[in-house]
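The structure under discussion appears below in the form of structure tokens.
The values are calculated or read from the model by the stated rules, or taken from the named source; none is laboratory data. These numbers come from a predicted model, not from an experiment. Every residue, glycine as well, gets a Cβ built from its backbone with ideal geometry; the counts of neighbours run over all protein chains shown.
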Amino acid sequence: MDLGIAGKRAAVAAASKGLGLGVAEALAAEGARVAICGRDRTTIEAAAQRVGSGAVGIVADVSTVEGAAGFVRDARARLGGIDILVPNAGGPPAGDFAHTTVDQYLAAFELNCRGAIAMCYEAVPAMRAQRWGRVVAITSIAVRQPIPNLILSNTARAGLTGFLRTLAREVAHDGVTVNSLLPGLHATERVAALHGDSGDPAAGIPAGVLGDPADFGRVAAFVCSQHARFLTGTAIQVDGGAYEALL
């Protein structure tokens, strides 16, 4: 299937590895021009080489609003504009209520909420002006089903989901769609770090295996496609059936 995004310009945050890299590779495979970012120059340049198709590697730290907004500005300058934005960032430290301080929530919101909002403020106005755009944020299944011992991530990503849902309604008339993908457990370094000592992390997944970041990327690419123009305001779980609620 031709997704109709060949030549579109995509900025994918925190894409030196993991799910972000999977999305960047999938978009590039569809002919999109891709800019990615990471904090380490050597790592992000290697990732850009892996993505191929002339992908641009940008050194940026999206854990702050300034770094997140700066990435979008740099990507726009390098690509000549942005048609597709994929807000993404690593997760905050693990912890439960009893072992998490009030001050830690500020850093978590900066990383997993305000940074993505800042990216949207940088990219969406131009999308509205050209009457075409896609925002596909990578959040977490935790916004529907809180994950034990990840209270910071659960809280910050839920806040971002509220922003994205509101933004989707405001910009839909301008040809801009706003959606989020809610990954469950995938074969990434973060999942290995969080679950490496807890037995088989795939044990609770009906599919029986951890997700493949490449498959996740292909889901994201479809949501960015021309075919998905009537899909907006959604939060789509990509978790191998692990989410247990009816709705």
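Key figures
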{"read-out": "Identity of the residue in segment 173-182, over 25 Å from residue 105 (Cβ atoms) and touching a residue at least 24 places away in the same chain (Cβ under 8 Å), that ends up surrounded by the fewest Cβ atoms within 10 Å (Cβ to Cβ)", "value": "175"}
{"read-out": "Output for segment 147-172, where each listed residue is more than 18 Å from the chain's Cα centre (by Cα) and either under 11 Å from residue 109 (Cβ atoms) or among the small types (Gly, Ala, Ser) (or both)", "value": "172"}
{"read-out": "Residue list for segment 208-231, restricted to those being closer than 14 Å to residue 137 by Cα and among the polar types (S, T, N, Q)", "value": "none"}
{"read-out": "Some residue of segment 115-138 being among the hydroxyl-bearing types (Ser, Thr, Tyr), surrounded by 20 or more Cβ atoms within 10 Å (Cβ to Cβ) and either over 22 Å from residue 228 (Cβ atoms) or touching a residue at least 12 places away in the same chain (Cβ under 8 Å) (or both)", "value": "no"}
{"read-out": "Pick from segment 185-224, criterion modelled with pLDDT of 90 or more and small (Gly, Ala, Ser), ranking: nearest to residue 149 (Cα to Cα)", "value": "211"}
{"read-out": "Some residue of segment 26-35 being in contact with a Ser or Thr (Cβ under 8 Å, 6 or more places away or on another chain), surrounded by fewer than 19 Cβ atoms within 10 Å (Cβ to Cβ) and under 21 Å from residue 142 (Cβ atoms)", "value": "no"}
{"read-out": "So residue 44, is it within 14 Å of residue 14 (Cβ to Cβ), in a strand (DSSP E or B), in contact (Cβ under 8 Å) with a residue 12 or more places away in the chain and not acidic (Asp, Glu)", "value": "no"}
{"read-out": "When residues of segment 203-247 are limited to those that are in a loop (DSSP other than H, G, I, E, B) and touching a Pro at 6+ places or on another chain (Cβ under 8 Å), the one nearest to residue 10 (Cα to Cα)", "value": "239"}
{"read-out": "Residue 133 more than 21 Å from residue 61 (Cα to Cα) and touching a strand residue (DSSP E or B) at 6+ places or on another chain (Cβ under 7 Å)", "value": "yes"}
{"read-out": "Matching entry among 133, 91, 70, 80 (being more than 16 Å from residue 159 (Cα to Cα), of a type outside the set (A, V, I, L, M) and touching a helix residue (DSSP H, G or I) at 6+ places or on another chain (Cβ under 6 Å))", "value": "133"}
